[in-house]
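Asks: Okay, here's the structure, questions in a sec.
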DNA sequence: TTATAATATAAGCATTTACTTATATAGAGG
DNA sequence: CCTCTATATAAGTAAATGCTTATATTATAA
């Protein structure tokens, strides 16, 4: 049984503000399924690299995602240890899974490793 | 057993954007506990009447709240029939309940009926 | 060392946002 | 009808936001 921690309205509204933007919500959906590097997200979302990087910075600052460098690539994944992780997870599970789109990317050889 | 409807990323991010603002999230928390008129929300949140009305309009446009006129007063409550109601409910339940603050208002005779 | 590739950051800009103040609207009651 | 009260709306504004283009950083590889 997990402890039901109450969070402040400030903290939660900040998380929701980050998720309340279509691009960032899609990023979260994507890195929930598997870790992805920036250029993969650029392909997947069809947006410019700086735009993606700037969204990732906000998500990283809020500790909603974790980064890990592998050579030239920096991989991002959902941070399961976030205080509001189960809210985030619940929200992502409202949406259709990104798995199919990620398999598409793989088929087109657009994944980096 | 309720049917698990998937929602679009657009729809959900719009809902989260509305909840991702502290004042609006607090309004939702409040009208989740009991229906409240505008002037009660003005007291409770200690904000100007137009500011509250403008937030309510956004919540109403998104059908997150329902309004009901009673004489001069217009009461607002959470709309339980919203497509994403169970997400909204789950989010609100992350937060400490507003019941105590509402009882405070009552004690100070600041409720309208 | 130099060149290359992936990513981050900076600066600029158009749009959106959340408030303010002022005014309009709508119903209740004389 | 007129007045009062609650609420809504309009207009204006400062700050925040999400992009763009240009440049900096960091690691790999030659």
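Asks: Contact order normalised by length for segment B:9-84, with contacts defined as Cα pairs under 8 Å and 6 or more residues apart; what percent is it?
Replies: 31 percent
Asks: If you don't mind, there's one more thing I want to ask. How many nm separate the modelled label positions at residue A:63 and residue B:89, each set 7 Å beyond the Cα in the direction of the Cβ?
Replies: 3.1 nm
Asks: A further question on this structure: Got a sec? How would A:8, B:26 order by Cβ neighbour count within 10 Å, fewest to most?
Replies: Ranked by crowding around the Cβ, least crowded first: A:8, B:26.
Asks: In nm to one decimal, list the spacings between the residue B:101 label point and its equivalents in the other copies, with label points set 7 Å along Cα to Cβ, shortest first.
Replies: Here residue B:101 shows inter-copy label distances of 3.6 nm.
Asks: Let me ask something else. Label point 7 Å out from residue A:103 along Cα-to-Cβ: which residues of segment A:8-33 have amide N under 18 Å?
Replies: Within reach of a label on residue A:103: A:30-33.
Asks: Between residue B:8 and residue B:46, take the C-beta separation as r, use R0 = 41 Å, and let me know the FRET efficiency to the nearest 0.05.
Replies: In this case the efficiency is close to 0.65.
Asks: Restricting everything to alpha-carbon atoms, can you work out Rg to Rh for segment A:9-107 with a Kirkwood hydrodynamic radius?
Replies: Rg/Rh for segment A:9-107 comes to 0.94.
Asks: Averaged over peptide B:17-27, how many Cβ atoms belonging to another chain are found within 10 Å of each residue's Cβ? Show your work: numbers first, answer last.
Replies: Details: counts 7, 2, 7, 10, 5, 8, 2, 2, 6, 2, 0.
So the per-residue partner count for this stretch is 5.
Asks: Ok, one more. Rounded to the nearest 10 degrees, what's the angle between the helix A:22-33 long axis and the longest principal axis of chain A, both from Cα atoms, 0 to 90?
Replies: Around 80 degrees separate the two axes.
Asks: List, largest first, the extents of the alpha carbons of the protein assembly as shown along their principal axes, each in whole Å.
Replies: That works out to 65, 37, 27 Å along the principal axes.
Asks: Ordered shortest first, which distances in nm separate the 7 Å Cα→C-beta label point of residue B:63 from those of the other copies?
Replies: Inter-copy label distances (nm, one decimal, shortest first): 3.8.
Asks: While we're here: For segment B:1-62, what is the convex hull volume of its Cα atoms per residue in Å³? List each step's numbers first, then the result.
Replies: Working: hull volume 6.1 nm³, N = 62.
Hull volume over Cα atoms, normalised by residue count, gives 99 Å³.
Asks: For a quick check: sort A:52, A:74, B:91 by the number of other beta carbons within 10 angstrom, fewest at the front. Mind dumping the intermediate values first?
Replies: Values: A:52 22, A:74 15, B:91 25.
Exposure proxy ranking, most exposed first: A:74, A:52, B:91.
Asks: Between B:45, B:25, B:36, which gets the highest mean-square fluctuation from a Gaussian network model of chain B, Cα cutoff 10 Å?
Replies: Of the options given, B:45 has the highest mean-square fluctuation.
Asks: Another question, if that's okay. At residue A:81, label 7 Å along Cα→Cβ: distances to the other copies, nm, ascending?
Replies: Reported distances to equivalent positions: 4.6 nm.
Only the coordinates and a few stated rules stand behind these numbers; no lab work does. Only a predicted model underlies this, so the values are computations on that prediction, with no experimental measurement involved. When we count neighbours, we look across all protein chains shown, and the Cβ atoms used for this are built from the backbone with ideal geometry, even at glycine.
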